[in-house]
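Heads up: the structure comes next, in structure tokens.
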Amino acid sequence: MNPKVAKLVFGARILLFAFLLSVPSQAQDAGATVSGAITDASGAAVPNAKISIKNVSGGQSTETQSDSSGHYNATDLAAGVYEIAVSAEGYSTNILKVTVAVGASQTADVKLAGVLSLQDLGISSGEAQGSPTDQARLNKRSHMLMLHQRLGLIAAVPLIATVATSFGAGGRSTSTADRWAHLALGSATGDLYFTSAYFAIFAPKIPGTHSRGQIRVHKALAWIHGPGMILTPILGAIAFDQKSKGEKVHGIASAHGAVAIVTAAAYGAAIISVSFKF
């Protein structure tokens, strides 16, 4: 036999042997299962959710959907790391990663957060398809309300810290540093709050639209935490001055703590009101 032909035959046999060895190995790696429940923020089942399960390294991809009770089940998966993307109408897409062992059954429950539609914001589908001028106004309103939402969430961080430091800012043994820390956190909260409020107040209005659902609740709560955010620092400044003079907090300044608590509670309720769809 020609030496070159012999080498080719020998190489082909090696490749065939390697392939035959890999087949049972791949078969052994398969057989894993990923299952779980798709629910919303309140824990209710989300039926007919679209679920994409993709092997990060191998590229294997499986498509399925949740049943009427929100459950899904994907079988015959190879071992590896999988990216699970879940989407459903009226909810934002949630993506998570799970590691699946050989032949194992992995549970991966997924929660979906509701998204606000144009109708929730008081914008009808007809108005959303208006003239270029109307569309520009709508885009600007959406952008400003998005900034309002983000800054409002950021403001909640120093607000919580301000409430936490208030317990050590008014006692008899309170140090000057404690009062200044409380003042600084309160000032940061106020700056973020009023910047956030600016974007909500001056966002272009869409004529003929009406807010509903959680947006109406959100706006109603603003009539509580809005005046509170104005009154709280005024009372706080009076109380700060009295404490700095060595006096006991008295007069109208003594209402500072109560007003601050009501304001913080209303603000927290306003955030929660747009975090869950009802």
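The values are calculated or read from the model by the stated rules, or taken from the named source; none is laboratory data. For clarity, every value in this text was computed on a predicted model and none was experimentally measured. Counting neighbours? That spans all protein chains shown, and the Cβs are built from the backbone with ideal geometry, glycine included.
Count, please, the residues in the range 237-278 that happen to be among the hydroxyl-bearing types (Ser, Thr, Tyr) and exposed (fewer than 15 other Cβ atoms within 10 Å of the Cβ). Give the derivation first.
Pass one, the range 237-278, residues among the hydroxyl-bearing types (Ser, Thr, Tyr): 244, 254, 263, 267, 273, 275.
So of that shortlist, the ones also exposed (fewer than 15 other Cβ atoms within 10 Å of the Cβ) come out as 244, 275.
Adding up the residues that qualify gives 2.
Just to verify a result, which residue in the range 26-50, among those that are at pLDDT below 90 and either of a type in the set (Asp, Glu) or in a helix (DSSP H, G or I) (or both), is surrounded by the most Cβ atoms within 10 Å (Cβ to Cβ)? Even if it seems obvious, please write down each step before you answer.
So in the range 26-50, the residues at pLDDT below 90 come out as 26-32, 41-43.
Among the residues that remain, those that are also either of a type in the set (Asp, Glu) or in a helix (DSSP H, G or I) (or both) are: 26-29.
On the way: Gln26: 10, Ala27: 10, Gln28: 12, Asp29: 17.
Step by step, filter the range 26-50, then rank; the result is Asp29.
Would you please list the contacts, defined by Cβ atoms under 9 Å and residues six or more apart or on different chains, that run from a residue in the range 91-103 that is under 24 Å from Ser42 (Cβ atoms) to a residue that is at pLDDT below 90 and surrounded by 11 or more Cβ atoms within 10 Å (Cβ to Cβ)?
Listed by first residue and then by second, the contacts come to Tyr91/Ala113; Tyr91/Gly114; Tyr91/Val115; Tyr91/Lys277; Ser92/Ala113; Ser92/Gly114; Ser92/Val115; Asn94/Ala113.
Taking the range 54-70, which residues are closer than 18 Å to Tyr91 by Cβ and either outside the structural domain of Thr93 (by TED's automatic domain parsing) or surrounded by 16 or more Cβ atoms within 10 Å (Cβ to Cβ) (or both)? Spell out the reasoning first.
At the first step, the residues of the range 54-70 found to be closer than 18 Å to Tyr91 by Cβ are 63-70.
Scanning the range 54-70 gives Thr64, Ser66, Gly70.
Within the range 52-90, restricting attention to residues that are touching a residue at least 40 places away in the same chain (Cβ under 8 Å) and of a type in the set (Val, Ile, Thr), which residue is nearest to Leu112 (Cα to Cα)?
Val86
Could you say whether any residue in the range 222-232 is touching a Leu at 6+ places or on another chain (Cβ under 8 Å), surrounded by fewer than 18 Cβ atoms within 10 Å (Cβ to Cβ) and among the aliphatic types (A, V, I, L, M)?
Narrowing the range 222-232 to residues touching a Leu at 6+ places or on another chain (Cβ under 8 Å): none.
Within the range 222-232 (the criterion being touching a Leu at 6+ places or on another chain (Cβ under 8 Å), surrounded by fewer than 18 Cβ atoms within 10 Å (Cβ to Cβ) and among the aliphatic types (A, V, I, L, M)), the answer is no, since none of the residues qualifies.
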